[in-house]
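No lab work stands behind these numbers, since they all come straight from the coordinates. Predicted, not measured: the structure shown is a model, and the values here were computed from it. Counting neighbours? That spans all protein chains shown, and the Cβs are built from the backbone with ideal geometry, glycine included.
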Amino acid sequence: MSAVRIAAAPISWGVCEVPGWGLQLSPDRVLGEMADLGFSATEFGPEGFLPRESGAKAATLRAVGLTAVGGFVPAILHVDGHDPLPAIALELDAFEVAGADVLVVAAATGVDGYDAARPVLDEAAWTRLLLNLDAIDAAAGRRGITAVIHPHVGTIVENPAEISRVLEGSSIGFCLDTGHLLIGGTDPVDFALRHSARIRHTHLKDVDLGIAALVRDGALGYYDAVTRGLYRALGRGDIDIRSIVTSLMSSGYSGWFVLEQDNVVVAEPAAGAGPMLEARASIDFLRSILADP
């Protein structure tokens with residue numbers, strides 16, 4: 001089996017790019033708790049969480065024994081006359097300085113949050129999106145950085161038909177986000193088995209299937225679903241995380257396993273309480289899978 005790389009993500013502590021997304025805990029607390037749990041790497045989190053200057057980003061992480069994985073970058077890819085490459089190039093500049101190696105791209109709608117109605121793309125818009133994905137993939141690859149598309153609730157690439165268009169029309173790799181795939185209608189266990197060659201980054205989430213169904217059917221908004229416990233610590237929800245991890249490892253997967261449980265924090269937790277408890281449960285569960293021969 002290939003080496004295992006495990007990382008954390010600030011969204012597990014409720015740190016999110018969406019305006020009004022609950023209390024945003026301080027970097028000192030979040031990064032300190034990651035280190036206390038034994039993580040050695042993390043995704044960056046949203047703009048403004050870490051210092052803007054790339055060297056300072058890396059130094060902030062190094063101060064608590066963490067290295068940079070990379071991070072989530074929403075980009076508008078489908079709009080005529082809008083070139084996403086200059087902004088992506090700036091992100092790649094920052095990633096290089098900080099030593100990050102994965103650019104996780106989401107095909108943004110252009111509206112903040114993930115509860116607004118998604119636009120329906122015509123063929124010309126789909127062609128632009130796919131060409132932009134390949135251009136981003138190539139630009140990242142020239143710098144030794146892996147670019148991946150992240151199918152995500154409330155973005156242009158969410159459901160099985162949209163994922164199929166990217167699989168067939170672009171060569172970019174995928175971020176296997178177990179939760180967002182399932183909520184969008186794709187079986188993540190099956191995706192991991194059938195498309196292992198395209199999976200280059202993984203976000204591990206566990207999910208309450210009943211709440212996920214409400215989101216998929218439009219009966220509950222994404223934000224409200226998160227506040228109601230849509231995401232669970234690994235091993236405490238309804239996704240077969242064990243099968244996904246073992247099938248990826250058996251296929252020779254060498255990317256990151258990022259433990260990412262979207263969370264909303266409404267008040268400062270007591271020391272040793274709050275999101276840290278579920279993050280501990282998740283990393284313990286993943287370690288138990290990896291220790292099982």
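Please report the equivalent ellipsoid semi-axes of segment 133-195, computed as sqrt(5 x eigenvalue) of the Cα gyration tensor, largest first, in whole Å. Mind dumping the intermediate values first?
Working: eigenvalues 90, 27, 23 Å².
Three semi-axes, in Å: 21, 12, 11.
Quickly work out the Ala124-to-Arg287 label distance, labels modelled 7 Å from Cα along the C-beta direction, and quote it in nm with one decimal.
Roughly 5.6 nm, to one decimal.
Quick check for you: which residues of segment 275-293 have the amide N under 19 Å from the point 7 Å beyond the Cα of Arg242 toward its beta carbon?
Answer for segment 275-293: 281-293.
Per-residue counts of other Cβ atoms within 10 Å, averaged by peptide: what ranking do you get for 140-146, 154-160, 98-104, highest first?
Ranking, from highest mean packing down: 98-104, 154-160, 140-146.
Assuming R0 = 35 Å, what is the FRET efficiency of Arg228 and Asp80, from their Cβ-Cβ distance, to the nearest 0.05?
The pair Arg228/Asp80 has a calculated efficiency of 0.35.
How large is the dipole of the chain about the Cα centre if only Lys and Arg carry +1 and Asp and Glu carry -1, each at its Cβ, rounded to the nearest 20 debye?
It works out to roughly 640 debye.
Segment 50-115 to segment 145-175: how many Å between their Cα centroids?
17 Å
Once the piece of chain linking Glu53 and Val266 is laid out straight, how much longer is it, given 0.36 nm per residue of separation minus the C-alpha distance between them?
Fully extending the segment from Glu53 to Val266 adds 73.8 nm.
For the chain, just list the percent of Cα-Cα distances falling in each 5 Å bin from zero outward, please.
In whole percents, the pair-distance histogram is 1, 5, 13, 17, 20, 19, 15, 8, 2, 0, 0.
Report, in order of residue number, the helices in the chain meeting two criteria: a C-alpha extent of 18 Å or more along the helix axis, and a mean Kyte-Doolittle hydropathy of at least 1.0; treat each whole DSSP H run as one helix. Please list the in-between numbers first.
On the way: long enough: 85-98 (19 Å, 1.29); 123-141 (27 Å, 0.53); 275-291 (24 Å, 0.66).
Span-like helices in the chain: 85-98.
For segment 46-97, place one equal point scatterer on every Cα, skip the solvent, and apply the Debye formula. What is log10 of I(q)/I(0) at q = 0.18, 0.30 Å⁻¹?
-0.64, -1.27
Largest first and in whole Å, what are the equivalent-ellipsoid semi-axes of segment 137-293 based on the Cα gyration tensor, each being the root of 5 times an eigenvalue?
Working: eigenvalues 128, 81, 48 Å².
For segment 137-293, the ellipsoid semi-axes come out as 25, 20, 15 Å.
Given springs between every Cα pair under 10 Å in a Gaussian network model of the chain, which of Thr42, Thr127, Thr178 has the largest fluctuation?
Answer for the Gaussian network model of the chain: Thr127.
May I ask what percent, to the nearest 5, of DSSP beta bridges between residues of the chain are antiparallel?
Of the beta bridges lying entirely in the chain, close to 5 percent run antiparallel.
Suppose only helical runs count, i.e. DSSP H with n ≥ 4. What mean residue ellipticity at 222 nm does that imply for the chain under -39500 (n - 2.57) per run, divided by all residues and rounded to the nearest 500 deg cm²/dmol?
-12000 deg cm²/dmol
Output the direction-averaged projected area (hull surface divided by four) of the convex hull of the alpha-carbon atoms of segment 1-126, in nm².
9.9 nm²
From the residues Val104, Leu286, Val153, which one has its Cα farthest along the dipole of the chain in the positive direction, the dipole being from +1 and -1 charges on Cβ of Lys/Arg and Asp/Glu about the Cα centre?
Leu286
If you wrap a convex hull around the alpha carbons of segment 61-187, what volume per residue comes out, as a whole number of Å³?
117 Å³
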